[in-house]
1. Kindly state, as a whole number, the per residue volume in cubic angstrom of the convex hull around the alpha carbon atoms of the range 27-168.
2. What are the trypsin sites (Lys or Arg not before Pro) within the range 43-96 that DSSP puts in a loop, where the Cβ has at most 13 other Cβ atoms within 10 Å?
3. Just how far, in whole angstrom, is the range 103-135 from the range 50-72 if you go by their alpha carbon centroids?
4. Counting only heavy atoms of protein chains, what accessible area per residue, in Å², does the range 70-134 have with a probe of 1.4 Å?
5. Would you mind telling me the share, in percent, of accessible area of the range 43-149 contributed by carbon and sulfur at probe 1.4 angstrom?
6. Per residue of the range 114-128, in order, report the coupling 6.51 cos²θ - 1.76 cosθ + 1.60 (Karplus, θ = phi - 60°) as ³J(HN,Hα) in whole Hz, putting x for Gly and Pro.
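The values are calculated or read from the model by the stated rules, or taken from the named source; none is laboratory data. What you are looking at is a predicted structure, and each value in this text was computed from that prediction instead of being measured. Methodologically, a virtual Cβ is constructed for each residue, glycine included, from the backbone with ideal geometry; neighbour enumeration extends over all protein chains shown. Just the protein is used for accessible areas: all its heavy atoms, side chains included, with ligands, DNA and RNA removed. Shrake-Rupley method; radii C 1.70, N 1.55, O 1.52, S 1.80 Å.
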Amino acid sequence: MRTLSKIFFVGVLLITSSCSYYSFSGVSIPSNLNTISIPLAEDNSSGPLTLLDESLTELMIERFVRQTRLNLVEDESEADLLLTAQITRYTNAPTSVTGQERAQFNRVSISVATQYINQINDDALERTFSGFDDYDALEGGLEAEESAALAALENIADDLFTAATSNW
C-alpha cells in the first residue's frame, strides 16, 4: 500500500510540474510568455538585394508566431518577448570555376546578429547566425542569386528559432 501511494505522489508531481509549459511542435513555452514583437530586420549589409530585411522578418514571424502559441504585437514595450535582427554581412563568391575561368557556381553567405529579449525576466540572448546556399552562376543570374539568398535566410531563421526556444 505504501508503494502505491509513492507512485501516486510521483505521478501527481510530474503532472503538476509539467502544467506550467505549453508544448507545440516540440517547443515548450513558459506559460508566462504570451506575446512577441518582431520589428523589421535591419539590412546593414552591402548586398545588392533589397528584399532581405522583409524576407527575414517574415521568416521569423512564421516561426515564432505561426509555429507557437505566441501572439504578435507591434508595440515592443508591450511584448513579453522582443526579437530583433540585423543583417550584417552579405557575400556572393565563386565556389567552382569552369575551364574558361568563369564562375560555374557561386555561394551566397549571409550573417545576422540577433537579440532575443525576455522582457518579463530581463533575460537576453545575443547571437550571430550565418547561412549560405549555392547557385548556378552561368544560367541563373540575379533570380538564382535571390533564391540562394532566401534559402540562406531560411537556414538562419531555423537556427535562430531552435536556439531561442531551446533556452526556455
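1. It is 101 Å³ per residue.
2. Those satisfying the criteria are R66, R69.
3. What the calculation gives is 14 Å, centre to centre.
4. Working: 3780 Å² over 65 residues.
Per residue, the range 70-134 has an accessible area of 58 Å².
5. Numbers: 2440 of 5900 Å².
Its accessible area is 41 percent carbon and sulfur atoms.
6. Ordered by residue, 3J(HN,Hα) equals 10, 9, 10, 10, 8, 7, 6, 9, 6, 9, 9, 10, 10, 7, 10 Hz.
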